[in-house]
Amino acid sequence: MMKFRFRRQGTDPQREKIKQELFAFNKTVEHGFPHQPSALAFDPKLQLMAIGTKSGAIKVYGVPGVEFTGLHKDTTAVTQIHFLPGQGRLLSLLDDNTIHLWELVAGAPREVGGENATRVTVLHLLRSCDLLCIGTEGGGVYFLELPLLSLKDGDTLLQDQVVQSLPDDYRCGKSLGPVESIQEHPQQPGKILIGYSRGLVILWAPSTRQAEQLFLGKQQLESLVWERSGNLFVSSHNDGGYCVWTVTSGNGCSAQPSTTIPYGPFPCKAINKILWRTTQTGSPVLLYSGGMPRASYGDRHCLTVQQDKTHVTLDFTSRVIDFFTVHNIEQEKEFDEASALVVLLEEELVVIDLQTPGWPTLPTPYLAPLHSSAITCSFHISSVPPKLWERLVNAGKAQQGHQQTHRTWPICGGKNLAPPSKQHELLLTGHEDGTVRFWDASGVALTPIYKLSTANVFHTDCDPCDDPPDPSDDPDMQQEEEWPPFRKVGCFDPYSDDPRLGIQKISLCKYSNKLVVAGTAGQVIVLGLNEERSDHSVEVSVVDLLQDREGFTWKGHDRLEPRLKPAPFPPGFQPQALVQCLPPASVTAVALHAEWNLISFGTSHGFGLFDYHKRNAVLARCTLHPNDSLAMEGPLSRVKSLKKSLRQSFRRIRKSRVSGKKRTITTPTSKVQEANAALAEQEDVAPVQRRIEPRSADDSLSGVVRCLCFADTFLRDGTHHGPTLWAGTNSGSVYAYALEVPGVGSGRASERGGAGDGSACVEALLGKEIQLMHRAPVVSICVLDGRGKPLPDPYEASQDLAIAPDMTNAHSVLIASEEQLKVFSLPKVSAKTKFKLTAHEGCRVRKVAVVLFLSTAQEDYSEHTLVCLTNLGDLHLFNVPGLRPQVRYSCIRKEDISGIASCVFTKNGQGFYLISPSEYERFSLSAKVLTAPLCSVQLDRALSGSPSGLHGNHSVRPS
């Protein structure tokens with residue numbers, strides 16, 4: 001009789017329906033600051049702002065929660081954007097010389113047309129919104145009719161026509177150069193001011209096709225701006241100066257008036273853009289970018305704001321792209337009365353309150369520069385308790401106390417239709433400069449809440465106390481004012497005082513308010529939340545993970561030197577204990593169990609266990625292979641050479657043959673190996689799965705600890721459960737320790753620190769040592785209760801915040817390696833089921849999380865699902881504990897290594913990953929839980945019935 005080894009199961013319609021109710025993949029919103037911005041625009045009627053990027057994206061922002069995104073068909077830089085005020089339409093000019101018209105359809109923009117001209121240098125939209133003026137590199141000015149973007153015949157102004165009306169002594173046989181600026185007369189619609197690069201400015205009336213006035217500038221022109229009344233305009237030039245011109249009635253020529261060079265008399269850089277805003281007090285506000293003295297401050301990125309005797313030079317850390325003011329635009333208003341200045345920089349957006357004395361900076365509710373210092377890790381907390389949320393918000397407000405203004409966010413267009421989030425969510429980002437930043441991730445706008453700095457725990461190369469005193473703190477030093485009057489503005493600072501401060505791992509217990517932060521130099525800091533400022537010293541404990549191992553020499557950086565004297569700590573998270581690992585290698589894994597007052601940490605050399613309540617190290621385990629003398633010298637290959645790999649394979653074969661003749665010794669490790677061997681014999685059961693390649697046993701990176709896990713489970717026997725610690729390494733080893741925690745008995749977890757356990761200490765005893773058969777790196781360890789569900793977080797069960805785990809049935813442990821997923825029964829550690837990755841392209845598991853998915857159809861139905869992200873950027877979902885594949889989604893490009901490495905999952909089925917150094921892409925795997933923009937904009941025109949989104953149709957090209 002023929003036996004069929006393989007049986008293909010048919011699809012279950014009922015199960016397919018359940019999967020549709022549980023799973024759905026969507027990329028929802030991009031958080032952070034747009035990468036490589038290149039253009040800026042503002043609609044004063046709709047109060048919307050648009051930012052264009054070098055990748056061809058256009059992002060429109062309004063009130064927090066109102067966001068639209070569009071992408072040109074070609075990946076070409078956006079060089080200019082212009083709104084059609086009040087219409088929800090905008091024009092974009094690309095670097096490939098194409099002009100595109102976009103419109104908000106049902107609350108989102110789409111492209112409806114385009115045009116290509118000779119090399120365009122400037123666009124200007126007339127207030128009537130029916131005519132677009134185009135200045136070109138050849139000096140011509142063309143007029144396009146909107147919205148069709150068709151060339152208006154007979155209105156083109158060529159440079160030859162302008163030259164004919166110039167005085168002979170001004171012509172000099174030279175070209176006027178490209179058109180640099182076009183500005184419409186503020187009081188006489190249709191008349192435009194045209195400025196040429198050589199310095200000539202003309203007031204042109206298209207209706208009569210005559211130049212009403214000529215302004216004979218002699219210096220290279222950079223920009224023009226009208227004064228509100230139209231009686232004068234201001235021009236800025238490449239010598240760092242500006243001129244104020246008077247406009248008279250009738251034809252005539254005006255010579256260039258005297259030039260004001262604010263930062264002269266020595267040579268200065270060009271003033272790229274200038275704005276003139278009138279005020280009721282009489283003195284106008286003058287704003288301009290550039291103009292710095294070349295020799296002294298030629299490398300500074302500055303924007304100057306001056307009004308009468310008040311003069312401030314805003315000093316930024318990145319290049320100024322563009323800026324605008326929020327001011328009165330109604331014709332009946334007599335003055336501009338600018339209320340806010342919005343500056344788009346290469347790396348951040350800065351908003352200045354122009355109504356409050358001192359012109360302070362407004363905090364940004366979105367578009368915050370996530371990369372103000374490079375992001376090194378991230379951590380997500382869902383369902384944040386209200387008490388913790390309130391204390392974090394208050395700590396953040398205390399940090400910004402000196403910057404508080406009463407001005408509301410000026411970009412307030414649109415309406416956020418999304419319902420308020422039922423739960424608070426936190427995204428924590430660790431940074432290269434030793435800071436941890438807390439973000440409100442509850443909605444579309446990723447808003448900064450609070451910033452924690454760990455630098456003041458240590459002596460660094462650039463201590464704050466070593467800095468020169470601040471002149472503003474000493475009245476005697478204020479007699480000689482600095483010129484230019486610089487003021488540092490913005491928070492983008494890509495430089496770190498000490499690279500050892502970099503944050504590598506974060507863990508936060510939301511119920512006990514305990515935070516663990518681990519860094520590049522082996523530092524592990526335990527912090528607690530305090531609402532008051534305090535000065536105290538931090539107790540330091542040193543843990544030697546090598547345990548005096550002979551023959552090992554650390555060749556890396558020195559450990560950070562902790563401060564021995566009390567240091568000031570502001571309200572918020574304050575350090576309570578500091579653990580320093582030896583050797584000071586980067587921390588690769590941390591785990592926190594606040595209910596037991598324990599933290600565990602791992603590096604490339606081993607892992608340790610620390611009782612931060614007693615301030616003593618419980619365990620220090622070296623994970624280095626005896627041959628790992630190069631464990632700290634960089635990413636060497638797992639298998640040194642093909643010859644060595646073959647030699648090791650033959651040795652393993654010989655060993656297995658010899659060991660088969662001997663009596664098997666029963667140990668925890670051998671039991672697992674037996675189970676692995678039994679499963680290996682069944683490898684042909686699933687023909688779509690590929691065989692796993694074994695790794696070298698003496699790999700120089702085998703000691704790296706990849707994951708740590710605390711669990712209250714059965715390790716010694718099947719009747720007594722208790723605290724355990726699990727650690728997985730790069731060589732496929734898993735160490736399981738039984739912990740004796742005072743005050744935590746079998747079957748219950750009680751508060752520690754009682755009267756009877758004052759002198760008792762935590763003890764750790766190795767219970768199991770598992771070696772995965774193919775030595776694949778262990779990515780994740782998760783203990784499952786008797787119902788096959790992951791154990792609740794610390795304090796959740798003991799304080800009735802979650803369903804208590806099932807302790808009556810047998811537990812199991814889910815171990816995910818780079819190659820496969822395995823479930824072992826506890827306490828015998830016998831293999832129950834496994835799944836080997838099926839991708840024959842050679843995919844590896846990079847990130848793993850157990851996620852709770854809620855059904856869209858049944859309120860009380862949910863499933864725990866294992867989510868795996870591979871190095872190919874695919875997301876694989878498996879049920880738990882059966883490990884049956886559910887769905888697979890393509891999420892991240894496989895070439896995007898940093899995006900895959902930065903991915904973090906939430907417990908409710910969402911995720912974040914970096915799409916650029918400054919932006920997170922948010923996605924959802926859940927059909928029910930979705931955080932995406934839901935908004936509308938009230939336009940001056942009727943909306944069509946097209947679907948919402950930032951869309952594009954076609955492009956046309958004017959010649």
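The values are calculated or read from the model by the stated rules, or taken from the named source; none is laboratory data. Since the model is a prediction, treat every value here as computed from it, not as a measurement. Neighbour counts run over all protein chains shown; Cβ positions are idealised from the backbone, glycine included. Note: accessible area is taken over every heavy atom of the protein model, side chains too, but ligands, DNA and RNA are not part of it. Shrake-Rupley method; radii C 1.70, N 1.55, O 1.52, S 1.80 Å.
Qualifying trypsin sites (Lys or Arg not before Pro) in region 386-454, where qualification requires a DSSP coil assignment and no more than 11 other C-beta atoms within 10 Å, comprise 422.
Of the solvent-accessible surface of region 271-403, computed with a 1.4 Å probe over protein heavy atoms with every protein chain present, carbon and sulfur atoms account for 47 percent. Ligands, DNA and RNA are left out, and with a 1.4 angstrom probe the accessible area of region 37-94 is 27 Å² per residue. Measuring r between the beta carbons of residue 208 and residue 260 and using R0 = 35 Å, the FRET efficiency lands at 0.55. The shape of region 216-269 comes out prolate: with a ≥ b ≥ c from the C-alpha gyration tensor, a/c is at least 1.5 and a/b beats b/c. For the set 260, 429, 75, 408, solvent exposure ranked by accessible area (probe 1.4 Å, protein chains only) runs largest to smallest as 75, 408, 260, 429.
Estimated from the Cβ-Cβ distance and a Förster radius of 30 angstrom, the FRET efficiency linking residue 808 and residue 17 is about 0.40. Taking a point 7 Å out from the Cα of residue 394 in the direction of its Cβ, the residues of region 565-588 whose backbone N falls within less than 16 Å of it are 570-574. Taking a Cβ cut-off of under 12 Å around residue 368, the surrounding Lys, Arg, Asp and Glu residues balance to a net charge of -2, with basic ones at +1 and acidic ones at -1.
Distance between the modelled labels on residue 299 and residue 552, one decimal in nanometres: 4.2 nm (7 Å Cα→Cβ projection). FRET efficiency for the residue 319 to residue 75 pair, using the beta carbon distance and R₀ = 22 Å, is estimated at 0.55.
Candidate cross-link partners of residue 269 among the lysines, defined by an alpha-carbon separation under 26 Å and a same-chain spacing of 8 or more, comprise 54, 174, 218, 309, 488.
Loop-located chymotrypsin sites (Phe, Trp or Tyr not before Pro) in region 485-551 (DSSP state other than H, G, I, E, B) with a sparse environment of at most 12 neighbouring Cβ atoms within 10 Å: 495. Subtracting the Cα-Cα distance of residue 537 and residue 279 from their residue separation scaled by 0.36 nm leaves 87.6 nm. Is region 223-344 best put as rounded, prolate or oblate by its Cα gyration tensor, with a ≥ b ≥ c the root eigenvalues, rounded for a/c under 1.5, and otherwise prolate when a/b is larger than b/c, oblate when not? The shape class here is oblate. Counted residue by residue at 0.36 nm each, then reduced by the alpha carbon distance between them, the extension gain from residue 487 to residue 383 reaches 33.5 nm.
Here the gap between residue 310 and residue 860, fully extended at 0.36 nm per residue and compared with their Cα-Cα distance, gives a gain of 191.6 nm. Using a/c under 1.5 as the rounded threshold, could you call region 250-291 rounded, prolate or oblate? The axes a ≥ b ≥ c are square roots of the C-alpha gyration tensor eigenvalues, and prolate needs a/b larger than b/c, oblate otherwise. In terms of gyration-tensor shape, oblate.
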